[in-house]
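What follows draws every value from the coordinates through simple rules; no lab data is involved. Keep in mind that this is a model prediction, so the values were computed, not measured. As a convention, Cβ positions derive from the backbone with ideal geometry for all residues, glycine included, and neighbour counts pool all protein chains shown.
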Amino acid sequence: MASAGSSHDRGSLEEPRGPQGTASGPDRPERRRAFVARGLTKVYGKGEVAVHALRGVDLELFEGELAVLLGPSGSGKSTLVNIMGGLDLPTAGQVFFHDLELTAFDERALTAYRRENVGFVFQFYNLVPSLTARENVALITDIARDPLPAEEALALVGLAERLDHFPAELSGGEQQRVAVARAIAKRPEVLLCDEPTGALDSKTGVLVLEAIERVNRELGTTTAMITHNAAIADMADRVISLADGRIAGVRENATKSPARALAW
Amino acid sequence: MRALNRKLLRDLWKIKTQVLAIAVVVGCGVAIIVMALGTMRSLEETRAAYYERYRFADVFAHVKRAPEYLAERVARIPGVKWVESRVVADVTLDVPGMAEPATGRLVSIPEHGRPALNDIKLRRGRALAPDRPDEVLIDETFAEAHGFRPGDHFFAMINDKKRKLRIVGVALSPEYIYSVGPGVLVPDKRRFGVMWISREALASAFDLEGAFNDISLSLLPSASSAEIIERLDDLLDPYGNTGAYDRDDQVSHAYLSGEMDQLVAVATVAPPIFLGVAAFLLHIVITRLVATEREQIGLLKSFGYGNAAVGWHYLKVVLVVAGLGVVLGFAGGAYLGRVMTELYTEFFRFPFLYYRLSPDVFAMAALVTLSAAVLGTINAVWRAVRLPPAEAMVPAPPAVYRRTAIERLEPRGLVGQPTRMVFRHIVRWPLRAAMTTLGISLAVAILVSSLFFYDAIEHLVQVYFHHAQRQDVTVTFTEPSAERIVHEIGRLPGVLAVEPYRAVPVRLRFGHRSERVAITGLEPGAALHRVLDARLRPAAIPPDGIVLSTKLAELLAAAPGDVLTVEVLEGRRPVRQVPVAALVEEYIATPAYMDRHAVNRLMSEGPVLSGAYLQVDAREAEALYRTLKDTPVVAGVGLQTVMLRTFRETMAETMDIMISFYVAFGGLIALGVMYNSARIALSEHGRELATLRVLGFTRFEALYILLGELGVLTLLALPLGCLIGYGLAWFFAWSFDTELFRIPLVIERATYGAAVLVVLVAGAASALIVRRRVDRLNLVAVLKTRE
Ligand SMILES: Nc1ncnc2c1ncn2[C@@H]1O[C@H](COP(=O)(O)OP(=O)(O)OP(=O)(O)O)[C@@H](O)[C@H]1O
Ligand SMILES: [Mg+2]
């Protein structure tokens, strides 16, 4: 089966040379790689009902960049990001985070990896309803090594005024910004966002995107953001397109437009 | 199958472990009802049939010697139906192969025809042949204990002469369904036997020809036993009457009634606990089910299912779970009933006793259970019925939490967010938290109050055998004997100390109350048989006045300082006024004590004795027993060590089974409540937990948040449960409190410890089961869906 990853180089991490047509982009030795994925395949189920969610994906994410993953529904975006976030393991292939091979980790090591390095933002916020905004953030900062104070993280997403409100007392956009604050408060190396604006209207969505953008810029957090929405791709350094479980193309934005300028 | 029913089955299957846990708790309650009431019913019906078929008497009296014609005058008392006069005597037995002496109760039966009352049922062998004075029928328990068969023989000390008795048959009598020897706590099959012998033979052996010393009456249904007893006493009093009494004071009947009362007490206390807990568990499960199926309910209604159909759907869930419990309970109850009945056949001798499964008991148990289940869940079901379809289709608003009052006291940052979550979950559903706590504490309480019986019995043994009655042997004399017998006994082999006593049967009267008891006159400064005060310290018997056991004082409503009328029922039958000098603590029977010399004065008799307490050198015990068996003056020999041993064996036999059932029941309640509580928590917070796991929380941390609530509630429940357990123990002690027997309210710390441990183990088991689910939480799935 021909695929974008069929001729990929299984070379060492020290000297990765991305073949043409993969997501590694042009060789730029000065940029350091946060993630390297090699030959990722993910098959759900077996036999007749087997679903090939990923069919050989090679991908690199550079430190400090903001990458947007675009693609039609079912193209494997969430599957890919979940694997990078240590939530899931591929059926075949390798994922490296710096020099750590995530695909060789066990459950305990993956938990520690998520705890120390990854910030997640989900489509449905997933806040803890019994904790206030401040406490939802504190939930993470309590267990992090060098966290931002919860108040500061919330200020970063423009919620300094809503510290003591429970999720039930916040709007969807506010809840999502609490989720962003919660994700970045531990100063993670990577921020993974799966359709962070999927449940929000355009105006509220922009507020959330601004928060993400600001974190990426000010804290230098490597950010991968999934979206269906091509308009959002304009705020990215690079736009990675998926289709049918394969990388369909990688585009580098010459100029990033600020999130504030986006609309859909 | 209709689609809705298929959904019902799938819903149930999804929560099958919870369903099973609840059904088991329901089953425990049903099983106890079926067992207790079923067994009670069997006993009651069997006893009634037995009494009727074998003409068990209604009123009983013993005299020293009354002429036979008096029986005819008794028969003429209005209301008396039948009269049977007899000769009855307790004798010392020498049984081949047994060193220590046994006591035999010789009961006369007519040489021709059947006795008018208290007939016997011949089980094996043949009836007595006329003119064979050495032939006896023996009771089945005694026969079994010694492996006696018709044709075997043993010896009895009958009126100063050792006589050989030949066994021709084995029999049972309604008078001795429960057969316990004189002065003994529990039946001892080897050392007490009832035997039936021809009236002529017994009368001639005891010089009672043309006379009787025992009389039984049956009454017409309309007759009042109190009146007849009074008139009977009037007739018998000149002949050494010890006071007539009715069935309530007949030992066998009273024990059997006591047992039935206990069954009723168990059936009253235990099932409501189980059914209450089960109703609560059903309530939370159905509430949760309705909450999670909110949108489905809206969908059903918008498709045209009516409110009634939706309500019936959830009611069916309740009925299926409760019904499963009822089925389990029926099976368990039938099994327990059989076990109980088998246990009873050890102590209660019936010619027939079967555990009949009475349909109405089953029907009642099922009805009570299903009603409790429906009542417990009606609120939750009603919520589903009331839910407007439009509202149901919109996802439920997120649960609104508040900061708890306690938290305001807490300096910020001291308590981590997980702990904060735990407390907010508790406060969010305070009633549920309270009920969960109550449920767990009831489990502790059941454990405490069932294990308590061991402590109580141990305490009773310590007090009775090691503090109060420290003699090795109690000897009773056939006749009041002169003091010099003390020296004769002192010279018998192995006797280290002799402490004589004088016992007389009396009727004590105070106000309008009266009790028939024996006054035991103890030697001043007695060291073997002592009496103990309320704090269980040895108390001295004052030279004058009477000392009452607390229960006797309660029955008479008398207190120290009150003056009782003492009607002696022996000898010249003096009637005297005697002040109550003190009260003493006794757990068994309702004794009264006086100074021995004071009893002699009361009787206007010389220094005579009824028996003696002996301290014996164990190495020479056998020689002593041999001598005692052949000593004419000795009517009975009580052996303290044997009594203690049989007491312990009997208690172990009866209590071990019941207590292990109740410990299992308590553990099952704990498991049911805790497992359900953990599962509900998982269902409510599963999404949060998965999110936290995604965010890098470890399994342990997730488990802490999930089970922290249960942990806190358990910690609250443990002391509460110990307290309720104490209350239940008090109730059991109170409801078992009879004239025959009382249970001291003593609970050792180890008992609380064991109860707490069982509950903690149940909690740990629930946590382990739920942990496996936390480990398998699908982290990716929660990110895809909105709650
Ligand atoms: N747990 C699963 N079991 C079976 N198939 C799955 C599972 N998770 C995802 N898939 C399938 O894998 C494919 C890729 O899914 P994925 O969630 O990665 O898509 P996506 O690009 O995120 O789509 P969307 O934009 O709709 O979120 C889909 O065809 C999906 O049906
Ligand atoms: Mg997706």
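Pairs of Cα atoms under 8 Å, at least six residues apart: use those to get the relative contact order of chain B, whole percent. The partial results should precede the final answer.
Values: 1435 pairs, mean separation 138.3, N = 787.
It comes to 18 percent, rounded to a whole number.
Looking at chain A only, what percent of DSSP beta bridges run antiparallel? Nearest 5 please. Present the calculation step by step, with values, prior to reporting the outcome.
On the way: 22 of 40 bridges.
Here the antiparallel bridges make up roughly 55 percent for chain A.
Tell me which residues come under 5 Å, amide H to amide H, from B:Arg65 once H is placed; ignore anything under 5 positions away on its chain.
none
Taking the Cα atoms of segment B:468-646, what is the range of coordinates along each of the three principal axes, in descending order and whole Å?
The principal-axis extents, from largest down, are 50, 37, 26 Å.
Please report, in cubic angstrom per residue, the volume enclosed by the convex hull of the alpha-carbon atoms of segment A:79-232.
Working: hull volume 17.8 nm³, N = 154.
Roughly 116 Å³ of hull volume per residue.
Amide H neighbours of B:Thr103 under 5 Å, at least 5 residues apart or on other chains, H built in the peptide plane: list them.
Those lying under 5 Å, H to H, from B:Thr103 are B:Leu93, B:Phe192, B:Gly193.
With a cut-off of 8 Å between alpha carbons and a minimum separation of six or more residues, what is the relative contact order of chain A in percent?
Values: 562 pairs, mean separation 63.6, N = 264.
After rounding, I find 24 percent.
Expressed as a whole number of Å, what is the distance separating the alpha-carbon centroids of segment B:259-294 and segment B:612-669?
The distance from the Cα centre of segment B:612-669 to that of segment B:259-294 comes to 41 Å.
If you scale each eigenvalue of the Cα gyration tensor by 5 and take the root, what three semi-axes come out for segment B:59-254, rounded to whole angstrom and sorted largest first?
Working: eigenvalues 163, 62, 49 Å².
Whole-Å semi-axes of the equivalent ellipsoid: 29, 18, 16.
Quick one: of the DSSP bridges fully inside segment B:59-254, what percent are antiparallel, nearest 5?
Details: 36 of 48 bridges.
Counting DSSP beta bridges with both partners in segment B:59-254, the antiparallel share is about 75 percent.
Collect residues whose amide H, placed 1.01 Å from N in the peptide plane, falls under 5 Å from the amide H of A:Val57; neighbours closer than 5 in sequence don't count.
A:Gly39, A:Leu40, A:Thr41
What's the ranking of B:442-448, B:215-221 by average number of surrounding C-beta atoms within 10 Å, highest first?
Working: B:442-448: 28.3, B:215-221: 19.6.
Going by the mean number of other Cβ atoms within 10 Å, highest first, we get B:442-448, B:215-221.
Per the helix-only calculation at 222 nm, which mean residue ellipticity applies to chain B, given -39500 (n - 2.57) for every DSSP H run of n ≥ 4 and division by its residues, nearest 500 deg cm²/dmol? Don't skip to the answer; put the middle values down first.
Working: 22 runs with 411 residues, N = 787.
After summing the helix terms and dividing by residue count, I get -18000 deg cm²/dmol.
How many percent of DSSP beta bridges within the protein assembly as shown run antiparallel, rounded to 5? Don't jump to the answer; show the numbers that get you there.
On the way: 100 of 138 bridges.
Antiparallel bridges make up about 70 percent of those DSSP assigns within the protein assembly as shown.
With n ≥ 4 as the cut-off for DSSP H runs, can you work out [θ] at 222 nm for chain A, using -39500 (n - 2.57) per run divided by the number of residues, rounded to the nearest 500?
-7500 deg cm²/dmol
Report ³J(HN,Hα) in whole Hz for each residue of segment A:88-94, in order, from the Karplus equation J = 6.51 cos²θ - 1.76 cosθ + 1.60 where θ = phi - 60°; Gly and Pro get x.
Computed from phi, the couplings for segment A:88-94 are 8, 10, x, 6, 8, x, 10 Hz.
Quick one: 3J(HN,Hα) in Hz for segment B:356-366, Karplus 6.51/-1.76/1.60 with θ = phi - 60°, rounded, Gly and Pro as x.
Rounded to whole hertz, the list is 8, 7, 7, x, 6, 5, 4, 4, 4, 4, 5.
Give the separation of the Cα centroids, segment B:513-576 to segment B:749-776, in Å.
Comparing the Cα centres of segment B:513-576 and segment B:749-776, I get a distance of 52 Å.
Cβ neighbours within 10 Å, averaged per peptide: list B:183-194, A:129-140, A:97-108 in order, most packed at the top. Display every interim value, and only then the final one.
On the way: B:183-194: 21.6, A:129-140: 25.4, A:97-108: 13.7.
Top of the packing list down: A:129-140, B:183-194, A:97-108.
Counting other beta carbons within 10 Å of each Cβ, put B:Ile378, B:Ile197 in order, fewest first. Mind showing how you got there, number by number?
Working: B:Ile378 17, B:Ile197 27.
With the sparsest Cβ surroundings first, the list reads B:Ile378, B:Ile197.
List, in order, the whole-Hz ³J(HN,Hα) value for each residue of segment B:291-297 obtained from phi through the Karplus relation with A = 6.51, B = -1.76, C = 1.60 and θ = phi - 60°; use x for Gly and Pro.
My calculation for segment B:291-297 gives 5, 6, 9, 3, 5, 5, 4 Hz in order.
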